[in-house]
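Only one structure is covered here, and it is reproduced in the block below.
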Amino acid sequence: MTALTLGEVERRRLSEAEARVDQAKRSSAARQQRTRWTLVAPALIVVGLFGIGPLLIMLLYSFLEPGTYGGVRWEFSTDAYVQFLFERDLFDETKLLFTDSYLLIVGRSILLAFVTTIICLILGYPTAYFMATRPASQRNFWVFLITLPFWTNLLIRTYAMFVILRDDGIINNALLNMGLISSPIPIMFTDYAITIGLLYAFLPLMVLPLYASLEKLDFRLVEAGFDLYASRGSVLRRIIVPLSKPGIVAGCILVFIPAIGAYVTPTLMGGGKQLMIGNLIALQFQGARNWPFGAALALILMLVVLIALLFYTRNATRQQAALHG
Amino acid sequence: MASVAASAPERRRRRFDLRKQPGFGFMAALCLLVLYAPIMVLIAYSFNETRSVSQWQGFSLDWYVKAFANKEIQEAAWNSLQIALVATVIATVCATMAALATTRTRPWRGMTTSYMVVNLPLMVPEIVTAIATLIFFALLYAALGISFGIGNLMIAHAVFCVPFAYLPIRARLEDMDRTLEQAAADLYATPWQTFRRVTLPLMMPGVTAGATLAFVVSFDDFTITLMLAGPGQTTLPIYIWTSLRRGISPEINAMSSILLVISVILVTASFLLGRRRK
Amino acid sequence: MAADDAIETIGLTKVFGQGGDSVRALDDVSLTIRANEFFTLLGPSGCGKTTLLRLVAGFELPTAGDILLEGESVVHLPPNHRPVNTVFQSYALFPHMSVAKNIAFGLEMRGLDRKEVDRTVEEMLTLVKMEAMAGRRPAQLSGGQQQRVALARALANHPKVLLLDEPLSALDLKLRQGMRVELKALQKRTGITFVFVTHDQEEALTMSDRMAVMSNGRVQQLGAALEIYERPVNRFVADFIGDTNFLVAEVSGRSNGLVRCRAAGLEVDATPIGQPSPGQRVTLALRPEKIVLRRGGQQGRVVHAMYIGTDTNYDVELADRTKLNVRVQNALDGGAGYRVGDAVGIEVPPGAARMLED
């Protein structure tokens with residue numbers, strides 16, 4: 001039971017104790033903060049200095065003049081950005097003519113990335129659903145199977161696809177031998193080939209977030225749907241798909257972003273004839289030797305990526321609000 | 001009670017599995033086929049006796065032998081290995097420390113930023129990272145005369161390996177029972193002793209899984225290495241690339257198969273290590 | 001504060017969270033735990049008993065108040081500087097160390113030399129009868145065995161106080177009952193002060209020298225088991241411990257130091273609190289086993305009877321529809337028992353009912 005009154009001595013001792021507690025709390029908090037900053041420091045330095053730093057320098061370079069043999073001349077100029085949309089008239093340096101060649105490339109990249117995303121979604125959603133409805137013991141194994149190709153070398157994987165699809169490749173040879181076609185189908189070096197390559201490269205990135213979302217699905221809601229006379233198709237369309245929307249959005253972003261910035265796939269599968277932004281950028285640092293332009297292009301690519309990411313986070317927060325609001 | 005014998009051919013009642021969607025299993029199988037068929041074909045043809053990569057002639061290990069004997073391949077393999085090892089060590093140390101600071105703790109000022117910085121390399125398309133790093137090291141050399149040689153590649157790899165090492169370590173830490181560390185403190189351990197005797201040993205599987213993943217990612221990297229590598233800094237993927245430009249050859253198939261197998265083994269190991277222990 | 005007090009808390013308060021979301025887990029708790037006693041903190045979940053334990057162990061710092069260990073204030077010290085050890089509810093055995101290593105941990109942390117450590121570990125293993133398991137890992141042990149190791153690990157350090165956070169809750173009934181006896185014996189043997197947290201009143205009643213019944217962050221009553229059971233001070237304690245009937249009664253007078261009340265057609269001489277005046281409405285607590293039933297009376301009617309071996313539980317409806325829970329020992333009744341529908345007379349011996357604080 002509480003003492004009825006604390007004497008003066010006891011009261012003073014109590015406030016001294018409480019002061020010591022406050023001191024302990026403060027020094028512990030300070031120590032914790034110091035430890036935390038020390039712990040993140042290496043990662044921040046490594047990624048900050050050698051990851052973010054280069055990006056900033058790239059930004060800087062996009063406002064410089066190209067050097068004669070690659071590299072840059074240190075003169076401020078917005079030429080790189082201008083070059084993206086305009087080209088100088090051959091006979092009158094001051095006149096600018098609008099050119100759409102680069103825009104076309106950006107457009108193609110966005111289109112191909114978009115188509116890839118859609119196909120990945122169509123292929124990946126049933127797969128993810130199937131995986132999520134396997135017995136719990138099997139699921140990890142499925143995840144492992146689907147993820148494994150993603151961790152292997154992208155160049156090799158794309159090469160493998162290249163070998164299969166080329167004019168002298170397995171598919172064409174098989175079709176020829178079976179007499180179904182009379183001459184090889186020239187898939188290679190077309191936009192179709194690039195799309196197939198992209199799809200092959202990034203399919204696991206669609207399946208995984210979809211699976212994560214579907215695994216958490218409360219199947220009692222599906223039960224309720226059936227209870228209310230819905231068919232399998234309706235249940236799928238009106239219950240399962242809407243509920244897995246976060247996974248769908250995540251998967252689409254995860255495929256779209258690397259797809260739009262792809263380099264290996266369009267190079268191998270497009271043979272240098274069909275350019276995507278990635279090829280165009282790389283070109284500036286190889287043959288074309290226009291570093292500022294390459295930097296500008298990279299920034300434009302980052303812009304597109306940022307817009308996509310913004311779209312994703314806004315969608316995600318809207319989902320949260322809808323669920324908990 | 002109806003006698004069992006009387007109900008003649010027992011009608012098999014198909015249980016209504018509310019989860020089943022028609023055709024989805026087929027799609028999943030198709031997916032797996034699409035994902036694995038090309039790789040399987042490649043590996044199969046690496047054993048092909050003739051030079052052709054599209055017509056099967058007979059089984060042979062010739063190309064593997066040729067590949068192993070090739071001096072350029074040996075050098076490329078050594079470069080790949082060096083870079084991957086150094087990058088893995090740097091990335092794993094950074095990632096482990098960062099994970100300790102950002103997991104199992106109440107949000108602190110700067111935690112979200114740290115988390116975003118650590119995972120930044122995942123958000124940036126590879127080609128952008130590649131040229132940005134190229135520009136960076138070019139500037140470093142032009143302005144300050146500093147170049148680390150193959151160290152440039154090691155650093156660049158370390159940067160994008162950090163998030164790959166970070167994620168498994170973080171997962172493992174979050175799974176860990178916090179009361180264990182309380183128990184250690186209760187038993188007179190200082191914070192450092194608690195870390196060394198309890199936290200670290202229990203965290204190790206995650207660290208190993210993360211390191212393995214980082215190694216695979218570095219070993220397999222192509223785009224960034226391509227942009228950055230100078231003469232004498234060829235890695236295996238770069239070697240395969242340059243060979244490809246010269247034309248398809250079965251040595252490439254053999255090389256590729258070896259790389260594939262290495263990746264598979266390492267990723268399987270990482271996966272098994274990172275598995276939740278009951 | 002007496003010289004042999006192991007723990008004293010003074011005005012201990014702990015608030016979690018801030019502003020509108022804050023939770024007052026402990027509210028101005030001052031109590032004393034004597035040396036060498038088996039002290040229990042009893043209460044429903046959320047009452048603050050675990051918070052109190054954690055504050056004593058040092059895992060949390062209080063919002064206000066002080067904690068004295070053998071007269072010295074330890075409230076600001078981190079847990080590794082307090083001479084107390086804890087047995088956790090989940091045992092918290094280090095999964096990557098053997099049983100022997102687990103037990104040795106605290107000793108190694110304190111820097112004792114190898115021989116001493118080994119000797120103590122062996123001693124502890126014998127104490128909890130786990131000699132054969134020294135090399136095993138915790139995952140290979142059963143729940144009961146893990147618990148013994150947790151005990152041994154804590155006791156190995158000869159702490160001034162041993163804190164036990166619901167250590168028996170994960171065990172099945174037979175094991176739990178066995179462990180109660182063993183724990184009590186262990187406490188007597190080692191002479192260490194045990195502070196035991198539980199929500200199981202039977203555990204508290206059987207094991208404790210003294211116990212504190214807690215609710216809503218406050219100590220409702222502190223005392224020996226008999227005291228708490230026979231003389232609950234308020235409604236919560238009376239309701240939480242055992243079964244109780246609550247009667248609203250009107251004071252009609254005094255008689256022999258007891259207060260005479262009328263409740264639901266019964267005349268009851270109850271133990272008073274303070275000086276109630278005639279006409280005052282009071283709440284009485286009445287234990288079911290203290291009520292005597294008589295055949296042929298008209299004060300109540302049996303509406304439910306449940307036979308439980310040693311006793312029979314009756315629900316008896318009174319004149320004003322109040323239901324009384326009555327427990328009759330079958331042996332005393334000659335086994336005849338009452339049936340549903342029987343009219344019975346109800347007798348409440350003087351002093352059996354107690355007034356409660358409002």
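The values are calculated or read from the model by the stated rules, or taken from the named source; none is laboratory data. Nothing here was measured: the structure is a model prediction, and the numbers come from that model. When we count neighbours, we look across all protein chains shown, and the Cβ atoms used for this are built from the backbone with ideal geometry, even at glycine.
Just to be sure I understand, how many residues within the stretch A:284-306 are within 8 Å of chain B (Cβ to nearest Cβ) and within 18 Å of the chain's Cα centre (by Cα)?
Of the residues in the stretch A:284-306, 4 are within 8 Å of chain B (Cβ to nearest Cβ) and within 18 Å of the chain's Cα centre (by Cα).
Filter the stretch C:80-102 down to residues that are more than 28 Å from C:Arg176 (Cα to Cα) and either at pLDDT 95 or above or more than 7 Å from every other protein chain (Cβ to nearest Cβ) (or both) and give me whichever is surrounded by the fewest Cβ atoms within 10 Å (Cβ to Cβ).
Across the stretch C:80-102, the extreme among qualifying residues is C:His81.
Just wondering, is there one or more residues in the stretch B:200-222 that are touching an Asp or Glu at 6+ places or on another chain (Cβ under 6 Å) and in the same structural domain as B:Ala99 (by TED's automatic domain parsing)?
Checked the stretch B:200-222: no residue is touching an Asp or Glu at 6+ places or on another chain (Cβ under 6 Å) and in the same structural domain as B:Ala99 (by TED's automatic domain parsing).
Could you list, ordered by first residue, the pairs with Cβ atoms under 7 Å in which the first is in the stretch A:29-53 and within 8 Å of chain B (Cβ to nearest Cβ) and the second is outside any helix (DSSP H, G or I), at least 6 apart or interchain?
That search, which allows pairs on different chains as well, returns A:Gln33/B:Trp108; A:Arg36/B:Trp108.
Tell me, which helices (runs of 4 or more DSSP H) wholly within the stretch B:44-151 include 2 or more residues that are under 27 Å from B:Leu259 (Cβ atoms) and more than 11 Å from every other protein chain (Cβ to nearest Cβ)? Lay out the reasoning, then the answer.
Numbers: elements: B:62-69, B:71-102, B:111-123, B:126-144.
In the stretch B:44-151, B:62-69, B:71-102 are the helices (runs of 4 or more DSSP H) which contain 2 or more residues that are under 27 Å from B:Leu259 (Cβ atoms) and more than 11 Å from every other protein chain (Cβ to nearest Cβ).
With the requirement that a residue be of a type in the set (D, E, K, R) and part of a loop (DSSP other than H, G, I, E, B), what does the stretch C:188-209 give you?
Hits for the stretch C:188-209 are C:Asp200, C:Asp209.
Here are C:Ala170, C:Ala212, C:Ala185: which of them is surrounded by fewer than 17 Cβ atoms within 10 Å (Cβ to Cβ) and either part of a loop (DSSP other than H, G, I, E, B) or within 12 Å of the chain's Cα centre (by Cα) (or both)? First the steps, then the outcome.
On the way: C:Ala212 fails: surrounded by fewer than 17 Cβ atoms within 10 Å (Cβ to Cβ); C:Ala185 fails: either part of a loop (DSSP other than H, G, I, E, B) or within 12 Å of the chain's Cα centre (by Cα) (or both).
After ruling out the rest, the residue left standing is C:Ala170.
What residue, of C:Glu317, C:Glu289, C:Glu227, is acidic (Asp, Glu), outside any strand (DSSP E or B) and touching a residue at least 12 places away in the same chain (Cβ under 8 Å)?
One residue alone meets the criteria, C:Glu289.
Out of C:Gly253, C:Gly217, C:Gly223, I need the residue that is under 18 Å from C:Cys47 (Cα atoms), surrounded by fewer than 22 Cβ atoms within 10 Å (Cβ to Cβ) and either within 14 Å of another protein chain (Cβ to nearest Cβ) or of a type in the set (Gly, Ala, Ser) (or both). Which one? Spell out how you get there, then give the answer.
Working: C:Gly253 fails: under 18 Å from C:Cys47 (Cα atoms); C:Gly217 fails: surrounded by fewer than 22 Cβ atoms within 10 Å (Cβ to Cβ).
Criteria check complete, one pass: C:Gly223.
Do any residues in the stretch B:113-135 that are under 22 Å from A:Val72 (Cβ atoms) have Cβ atoms under 7 Å from those of residues that are of a type in the set (Ser, Thr, Tyr), where the two are at least six apart or on different chains, and which pairs are they?
Correct list of pairs: B:Ile127/A:Tyr263; B:Ile127/B:Thr223; B:Ala130/B:Thr223; B:Ile135/A:Tyr61.
May I ask you to verify whether B:Leu272 is at pLDDT below 85, in a helix (DSSP H, G or I) and more than 14 Å from chain C (Cβ to nearest Cβ)?
In short, yes.
Applying the selection to the stretch C:21-61, what residues are outside any strand (DSSP E or B) and more than 22 Å from C:Pro159 (Cα to Cα)?
Looking only at the stretch C:21-61, we keep the residues that are outside any strand (DSSP E or B), and these are C:21-22, C:35-37, C:43-61.
Of everything in the stretch C:21-61, those that are outside any strand (DSSP E or B) and more than 22 Å from C:Pro159 (Cα to Cα) turn out to be C:Asp21, C:Ser22, C:Gly43, C:Pro44, C:Ser45, C:Gly46, C:Cys47, C:Gly48.
Looking only at the stretch C:290-315, count how many residues are touching an Asp or Glu at 6+ places or on another chain (Cβ under 9 Å), among the hydrophobic types (A, V, I, L, M, F, W, C) and more than 23 Å from C:Asp269 (Cβ to Cβ).
Residues that pass the stated criteria total 4.
The conditions are (1) closer than 30 Å to C:Ala92 by Cα; (2) of a type outside the set (Phe, Trp, Tyr); (3) in a helix (DSSP H, G or I), and B:Ala189 fails exactly one of them. Which is it?
(3)
In the stretch C:44-73, how many are at the interface with another protein chain (Cβ under 9 Å from one of its Cβ atoms) and not charged (D, E, K, R)?
Summing the residues that are at the interface with another protein chain (Cβ under 9 Å from one of its Cβ atoms) and not charged (D, E, K, R) in the stretch C:44-73 gives 11.
Within the stretch A:121-169, how many residues are within 22 Å of A:Val222 (Cα to Cα), of a type in the set (Phe, Trp, Tyr) and more than 9 Å from chain B (Cβ to nearest Cβ)?
Residues meeting the conditions: 0.
Regarding C:Asp200, is this residue modelled with pLDDT of 90 or more, of a type in the set (Asp, Glu) and in contact with an Asp or Glu (Cβ under 9 Å, 6 or more places away or on another chain)?
yes
How many of the residues in the stretch A:48-72 are assigned to a strand (DSSP E or B), of a type outside the set (Asp, Glu) and in contact with a Pro (Cβ under 7 Å, 6 or more places away or on another chain)?
First pass over the stretch A:48-72, keeping only residues assigned to a strand (DSSP E or B): A:64-66, A:68, A:70, A:72.
Still in the list and also of a type outside the set (Asp, Glu): A:64, A:66, A:68, A:70, A:72.
Narrowing the set further to residues that are in contact with a Pro (Cβ under 7 Å, 6 or more places away or on another chain) leaves A:64, A:66, A:72.
Going through the stretch A:48-72 one residue at a time, the tally reaches 3.
Filter the stretch B:66-95 for residues that are of a type in the set (S, T, N, Q) and closer than 13 Å to B:Pro237 by Cα; which is surrounded by the fewest Cβ atoms within 10 Å (Cβ to Cβ)?
Of everything passing the filter in the stretch B:66-95, B:Gln74 is surrounded by the fewest Cβ atoms within 10 Å (Cβ to Cβ).
Collect the residues in the stretch A:155-183 that are in a loop (DSSP other than H, G, I, E, B) and either surrounded by 17 or more Cβ atoms within 10 Å (Cβ to Cβ) or touching a strand residue (DSSP E or B) at 6+ places or on another chain (Cβ under 8 Å) (or both), keeping them in residue-number order.
Result: A:Arg166, A:Gly169.
Quick one: in the stretch B:233-252, which of the residues that are assigned to a loop (DSSP other than H, G, I, E, B) and touching a residue at least 60 places away in the same chain (Cβ under 8 Å) is surrounded by the fewest Cβ atoms within 10 Å (Cβ to Cβ)?
So the residue we want is B:Ser249.
Could you list all residues from the stretch A:209-224 that are assigned to a helix (DSSP H, G or I) and not charged (D, E, K, R)?
Selection gives A:Pro209, A:Leu210, A:Tyr211, A:Ala212, A:Ser213, A:Leu214, A:Phe219, A:Leu221, A:Val222, A:Ala224.
For B:Phe26, which of the numbered conditions (1) under 19 Å from the mean Cα position of the chain (by Cα); (2) within 9 Å of chain A (Cβ to nearest Cβ) fails to hold?
Here B:Phe26 meets the rest and fails (1).
Return only the number of the condition from (1) within 11 Å of chain B (Cβ to nearest Cβ); (2) surrounded by 24 or more Cβ atoms within 10 Å (Cβ to Cβ); (3) part of a helix (DSSP H, G or I); (4) in contact (Cβ under 8 Å) with a residue 40 or more places away in the chain that A:Ile281 does not satisfy.
A:Ile281 satisfies every listed condition except (4).
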